[in-house]
1. Using beta carbons and a limit of 8 Å, which pairs, at least six apart or on different chains, have the first residue in segment 70-87 and over 16 Å from Ala58 (Cβ atoms) and the second one surrounded by 10 or more Cβ atoms within 10 Å (Cβ to Cβ)?
2. Enumerate the pairs (first residue in segment 34-53 and under 22 Å from Asn24 (Cβ atoms); second residue anywhere and in a helix (DSSP H, G or I)) with beta-carbon separation below 6 Å, excluding pairs fewer than 6 apart on the same chain, so at least 6 apart or on different chains.
3. Could you list, in sequence order, all residues of segment 46-87 that are charged (D, E, K, R) and surrounded by 10 or more Cβ atoms within 10 Å (Cβ to Cβ)?
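We did not get these values from a lab; they are worked out from the coordinates using the rules stated. As the structure is a computational prediction, the values presented were derived from the model and not from experiment. Please note: Cβ atoms are built from the backbone with ideal geometry, for glycine as well, and neighbour counts cover all protein chains shown.
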Amino acid sequence: MARAKTVGFAIPEDMLPDLDIVINEFAGGNRSEFLRVAVRHFRSRMMAERMKSIRAQARAERGGRTYTNAEVMALVREAKGKPPLEE
């Protein structure tokens, strides 16, 4: 892992019991590990949402048509300016 940097966060005191519960559940009581887990989790969710958005945009641009793997590969080759594969 890269060199660690200490950062501080402030939360309302009444949230501390809930914080301790989730830290114990997801990081074995280690607050630093919990933050690492949370960042990875939410980053993953962000990427999934981005992919969902890209898929929806592509579907809209293609009129909702479903493509085979071969058709997708041909579209990618075309977008890259490469000639179609010989069949």
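1. Pro83/Arg77; Pro84/Ala74; Pro84/Arg77; Pro84/Glu78; Leu85/Met73; Leu85/Ala74; Leu85/Arg77
2. Phe34/Ile23; Phe34/Phe26; Phe34/Ala27; Val37/Phe26; Val37/Ala27
3. Filtering segment 46-87 for residues charged (D, E, K, R) gives 49-50, 52, 55, 59, 61-62, 65, 71, 77-78, 80, 82, 86-87.
Across segment 46-87, the qualifying residues are Glu49, Arg50, Lys52, Arg55, Arg59, Arg62, Glu71, Arg77, Glu78, Lys82.
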